[in-house]
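Written out below as structure tokens is the structure these notes cover.
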Amino acid sequence: MSEWTIESTVDELLRRERERRDGGRITDRWPGLDLETAYRAQDALLERKKRAGERLVGVKLGLTSAAKQRRMGIDSPLTGWLTDAMVLPVGEPVRVGQLIHPRVEPEIVFTMGERLAGPGVTAERALAAVATVRAGFEVIDSRYRDFNFALPDVVADNASSCRFTVADLALAPDELDLVGEVCRLSVDGELVDTATGAAVQGHPAQALALAANDLARRGLAIEAGWTVLTGGLTDAVFVEPGRTISAEFTTLGRLALTGER
């Protein structure tokens, strides 16, 4: 492609998703794809999906660990959009053959009781807007080869969004210790990683506040009723056919999913 634009970037990313193939970094071919332009591309991608019949149901956070942010040269999480086409009902397998190279990460999930609009949102204010807390999994599936991307690449790709599943057990925020909530991630019954809610920006509500303030710079807010994936608690693990990935939480219960061809 001789000249890249927001529309051609969206075309390419949707083509990769549809054809279930990855590709190289767009920033290698379009140096002008900066972070601001990438978010415009992300919003344009969402509009394409909405025109195709998908409905906006929430927002996800990415790069919520301080160490990952330092590596990428940012000081706030990324945000991406969730649509109803990404919902994976509890117990339904991840159909690996429909995706490129899916990975799974456990998350603390908020359902919003009130609209949350920045700027100036604090963690305390953010938590007050949350109706319920649940355990969840996000399935990420980058449209870039080997998950190799620069920051604008992943933002334009809607932060690698793909699928998400949320447990049935729902608690009020004051019914658990969000910082100390432990998650034990296992693959086929073998423990592979452990983390607490502190892994998400020090406190999941702090990540939520940062997301609200970041969206405010684009004239956007987190709406009542939306689902918010607050960010991966552990490193993501690959989904493979026949492999079962489970997460045991201190208070939020157990959640599992299995890969299928």
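Kindly provide the set of residues from the range 172-194 that are of a type in the set (A, V, I, L, M), surrounded by 15 or more Cβ atoms within 10 Å (Cβ to Cβ) and touching a residue at least 40 places away in the same chain (Cβ under 8 Å), ordered by number. Give the derivation first.
So the first thing to find is which residues in the range 172-194 are of a type in the set (A, V, I, L, M), and the list is 172, 176, 178-179, 182, 185, 187, 191-192.
Retained after the next criterion (residues that are surrounded by 15 or more Cβ atoms within 10 Å (Cβ to Cβ)): 176, 178-179, 182, 185, 187.
Across the range 172-194, the qualifying residues are 176, 178, 182, 185, 187.
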Scope the range 140-172; condition touching a Ser or Thr at 6+ places or on another chain (Cβ under 8 Å) and either among the hydroxyl-bearing types (Ser, Thr, Tyr) or not in a loop (DSSP other than H, G, I, E, B) (or both); matching residues: 140, 142, 147, 152, 153, 154, 156, 159, 160, 164, 166, 171
All positions within the range 41-95 that are in contact with a Leu (Cβ under 9 Å, 6 or more places away or on another chain), of a type in the set (S, T, N, Q) and not in a strand (DSSP E or B): 64, 69, 76
Complete set of residues in the range 27-40 that are touching a residue at least 12 places away in the same chain (Cβ under 8 Å), in a helix (DSSP H, G or I) and of a type outside the set (Val, Ile, Thr): 35, 38, 39, 40
Selection from the range 67-121 of residues that are more than 17 Å from residue 147 (Cβ to Cβ), at pLDDT 95 or above and among the basic types (Lys, Arg): 95, 115
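Scan the range 201-218 and give yes if some residue there is surrounded by fewer than 16 Cβ atoms within 10 Å (Cβ to Cβ), closer than 22 Å to residue 86 by Cα and either out of contact with any Lys or Arg (no Cβ under 8 Å at 6 or more places or on another chain) or in contact (Cβ under 8 Å) with a residue 12 or more places away in the chain (or both), otherwise no.
In the first step, residues of the range 201-218 are kept if they are surrounded by fewer than 16 Cβ atoms within 10 Å (Cβ to Cβ); the result is 202, 217-218.
Remaining after also requiring closer than 22 Å to residue 86 by Cα: none.
So far as the range 201-218 goes, no, none of its residues is surrounded by fewer than 16 Cβ atoms within 10 Å (Cβ to Cβ), closer than 22 Å to residue 86 by Cα and either out of contact with any Lys or Arg (no Cβ under 8 Å at 6 or more places or on another chain) or in contact (Cβ under 8 Å) with a residue 12 or more places away in the chain (or both).
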Some residue of the range 4-27 being touching a strand residue (DSSP E or B) at 6+ places or on another chain (Cβ under 7 Å) and of a type in the set (A, V, I, L, M, F, W, C): no
Odd one out for residue 197, checked against (1) among the small types (Gly, Ala, Ser); (2) more than 14 Å from residue 59 (Cβ to Cβ); (3) at pLDDT 95 or above; (4) surrounded by fewer than 17 Cβ atoms within 10 Å (Cβ to Cβ): (4)
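Mind telling me which of the residues 28, 84 ends up being under 20 Å from residue 107 (Cα atoms) and acidic (Asp, Glu)?
Result of the check over 28, 84: 84.
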First in the range 107-134 and on the phi > 0 side of the Ramachandran plot and crowded, with 16+ Cβ neighbours inside 10 Å, second anywhere and modelled with pLDDT under 95 and not hydrophobic (A, V, I, L, M, F, W, C), Cβ under 9 Å, 6 or more apart: none
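The values are calculated or read from the model by the stated rules, or taken from the named source; none is laboratory data. Because the structure is predicted, anything quoted here is derived from the model rather than measured. Backbone-built Cβ (ideal geometry, glycine too); neighbour counts: all protein chains shown.
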